[in-house]
Amino acid sequence: MSNVTTQEEQSRPVFPFTAIVGQEEMKLALILNVIDPKIGGVMIMGDRGTGKSTTVRALVDLLPEIQVVANDPFNSDPQDPELMSQDVRERVQANETLEVASRKITMVDLPLGATEDRVCGTIDIEKALTEGVKAFEPGLLAKANRGILYVDEVNLLDDHLVDVLLDSAASGWNTVEREGISISHPARFILVGSGNPEEGELRPQLLDRFGMHAQIGTVKEPNLRVQIVEQRSQFDESPAEFRSTYLVSQQELTNQISAARARLKDVTINYDLRVKISQICSELDVDGLRGDIVTNRASIALTAFEGRTEVTEQDIFRIIPLCLRHRLRKDPLATIDSGDRVLEVFKRVFGYEE
């Protein structure tokens, strides 16, 4: 196992997550989604060259290990029937002993030109008719089950494909139908999209399906810019050496994420805070209840990440712009950033003096 990782690192080394300077909002949103995948993914919008793809790909190193059924193309969970493929479920019902393996949470890149067959998988009709078996060639959604699906330039992706992705992300299942043959498999993944606002906005109903929305801009501070350029040069010259200097901090963050995942179920958020979250969503005229649900989940994940078990007002203050800003109705005449609008209402509801 370790040998494989070494070969991967030699072929395509990844910039260490803990070495990334700035962009705290994006890093926090990604970490919280790894802690609680039910938050519903992240949409990262920002200028070109701000490290969006670098940061998402750097996340791979931090991902904790999960238990999977060995040699199963869907990363089936050996314990949870909801996360098992049909084949594994039938084996469990037949009281077969499953071989279990540990594997790092996978991250799958969705190329821009991907076809629906490549994403969803294909059914081999000829084999099905001649041999009488359901011959299914799994796609990217199968590979991404219980992992992360990353779509760079999501605003350039074909609308039909975006709909397919969001439907799978929401339902947790992918169904492929062809010539009267239907195959379903679990497809629970964290959807991470990135894009540049100059290349077009996402439709509001698609944007709403992303749990969190991180906005990032170009670093303005000259000293920080110099630090980023130096780091990049060092990494390009000697990736292995550069990565080795961040081994300890990377491992510490991985441990922190694993501990937070285990702590999630112990975190509580009192009724008064939940009412205030819903009051903020109501005053901002947020459609539906996704905003309320995501804000609750993200504040619980943040509390777990910081090693606590009781959500505070400050936790909500830190994450609520990321959970609600993309759900506000666009006002072309507005002079205030949508995230600032969220915080204004937060301060009013929580009784802070301006």
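Of everything listed in (1) touching a Pro at 6+ places or on another chain (Cβ under 9 Å); (2) modelled with pLDDT under 90; (3) polar (S, T, N, Q), the single unmet condition for Thr254 is (2). Screening Val56, Val60 for residues that are at pLDDT below 85, in the same structural domain as Val21 (by TED's automatic domain parsing), within 30 Å of Asp236 (Cα to Cα) and in a helix (DSSP H, G or I) leaves exactly one candidate, Val60.
Exactly one residue out of Ala240, Ala262, Ala301, Ala214 is in contact with a strand residue (DSSP E or B) (Cβ under 7 Å, 6 or more places away or on another chain) and modelled with pLDDT of 90 or more: that is Ala214.
For region 64-83, the set of residues classified as of a type in the set (A, V, I, L, M, F, W, C) and at pLDDT 85 or above consists of Ile66, Val68, Val69, Ala70, Phe74, listed by residue number. Taken as a whole, region 290-307 holds at least one residue that is more than 22 Å from Glu65 (Cα to Cα) and touching a Leu at 6+ places or on another chain (Cβ under 6 Å). Taking region 219-329 and the helices (runs of 4 or more DSSP H) fully enclosed by it, the elements with 1 or more residues that are among the small types (Gly, Ala, Ser) and more than 21 Å from Ile31 (Cβ to Cβ) are at 222-237, 239-244, 271-283. Only residues that are crowded, with 19+ Cβ neighbours inside 10 Å and closer than 17 Å to Leu59 by Cβ were counted across region 135-168, and they come to 9. Quick check, is Ala214 of a type outside the set (Phe, Trp, Tyr), outside any helix (DSSP H, G or I) and under 19 Å from Thr18 (Cβ atoms)? For Ala214, the condition - of a type outside the set (Phe, Trp, Tyr), outside any helix (DSSP H, G or I) and under 19 Å from Thr18 (Cβ atoms) - is met. The condition of being among the acidic types (Asp, Glu), within 29 Å of Arg12 (Cβ to Cβ) and more than 18 Å from the chain's Cα centre (by Cα) holds for only one of Glu252, Glu306, that being Glu252. Under the condition of being buried (at least 17 other Cβ atoms within 10 Å of the Cβ), closer than 22 Å to Lys38 by Cβ and without any contact (Cβ under 8 Å) to a residue 24 or more places away in the chain, the residues counted in region 50-85 number 1. What number of residues within region 80-91 satisfy the criterion of being of a type in the set (A, V, I, L, M, F, W, C) and assigned to a loop (DSSP other than H, G, I, E, B)? Qualifying residue count for the region: 1. Looking across region 21-38, just one residue is modelled with pLDDT of 90 or more and assigned to a loop (DSSP other than H, G, I, E, B), and that is Asp36.
The values are calculated or read from the model by the stated rules, or taken from the named source; none is laboratory data. Every value quoted in this text rests on a predicted model; they were computed, and no experiment measured them. No Cβ is skipped: glycine too gets one built from the backbone with ideal geometry, and neighbour counts run over all protein chains shown.
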